[in-house]
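So the structure is just underneath, and the comments pick up after that.
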Amino acid sequence: MVADMRQEVVESMIERCIPENALPDEWDVDALHEESLRIFNLDLPVAAWAKEEGISDTEIRDRMLQAVEAKMAQKAANYGPEIMRLAERSLVLQTLDQSWKDHLSTLDHLRQGISLRAYAQRDPLNEYKREAFDLFQSMLVGLREQATSVLAHVELKIDRPGAVPPPPSRPMVESRQDPATMADATAAPSGAPSASGTSSGPLSGPWADTPRNAPCPCGSGRKFKHCHGRL
C-alpha cells in the first residue's frame with residue numbers, strides 16, 4: 001500500500017507539472033524539482049532530463065520512481081525490513097487518524113452552512129453529497145502525499161546490540177549563598193553536611209556539646225553558631 005501511495009504521488013506530480021500533449025518548453029520543470037525536494041527530499045536533475053532529445057513524461061516518471069524506490073530501499077536496508085514496516089504502519093495510521101479528524105471537522109462546518117444553497121435554487125442535500133465526496137477525494141490525495149513525505153524524511157534512531165551506553169548525566173545540585181559567610185553553599189539532603197561544612201539537621205558527635213558562642217573547633221575563626229553549629 002505504501003509503494004502504491006508513492007507511485008500515485010509521483011504520477012500526480014507529473015500530471016500537474018507536465019500536462020498531457022504539452023511541448024517540452026511548456027513543462028514546469030522548476031515546480032517538479034521543488035516538489036521532488038519537498039515530498040521525497042530528493043534533488044533530481046529534472047531540468048537536465050527535460051533537455052534530452054526525445055524525452056517524454058513517461059521516461060521522467062519512470063526515472064523519478066526509480067530514484068524514489070532506491071531511496072526507500074536504502075532506508076529499509078539501513079534499519080532492517082521489519083523495523084521499516086513497523087515505522088510505515090505506525091506513521092501511516094497516525095497520518096490517517098489526523099486526516100480523518102480534520103475531514104470530519106470540515107464536514108461539520110459544511111453541514112452548518114449547506115442550507116444556504118437553497119437561496120441559489122439548489123438542493124442542499126445534493127450539494128452536500130457532491131461537496132462531501134469532493135472533500136473525501138481531496139483528503140485521500142492529501143493523505144497519500146503527507147504519508148509519503150513523512151516516510152521519505154523520517155530518520156530512525158536504533159540502539160544497536162553491544163553499543164556502549166552513554167555516560168549517566170550528573171545530578172542537578174542547587175547552589176545558594178550562605179548569608180552568614182557570604183560564600184556559595186551547595187544544598188544537601190537533610191542531616192548531611194553541606195559544602196560549607198554546616199549541617200542542616202541536629203549535630204551529633206564530639207562537637208555536639210560546643211557552646212554556640214564559642215569559637216568553632218574547625219579552626220575557621222568564626223563562632224560555632226555561625227559555622228558548624230549553624231541551624
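Please treat every number below as a calculation from the coordinates, not as lab data. Predicted, not measured: the structure shown is a model, and the values here were computed from it. Ideal geometry is used to build each Cβ from the backbone, glycine not excepted, and the neighbour counts take in all protein chains shown.
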How many nm separate the modelled label positions at ASN21 and ARG122, each set 7 Å beyond the Cα in the direction of the Cβ? 3.0 nm
Quick one: if the Förster radius is 22 Å, what FRET efficiency do GLN94 and ALA31 give, using the C-beta to C-beta distance and rounding to 0.05? 0.15
Arranged by the count of other C-beta atoms within 10 angstrom, fewest first, what order do ILE158, ILE60 take? ILE158, ILE60
If the convex hull of the alpha-carbon atoms of the range 2-153 is projected onto planes in all directions, what is the mean projected area in square nanometres? 11.4 nm²
FRET E, pair ARG130, VAL154, Förster distance 30 Å, beta-carbon r, rounded to 0.05: 0.25
Protection proxy (average C-beta count within 10 Å per residue), highest first, orders 210-221, 8-19 as 8-19, 210-221
Just to confirm my numbers, what's the Cα centroid distance between the range 75-107 and the range 1-58 in Å? 25 Å
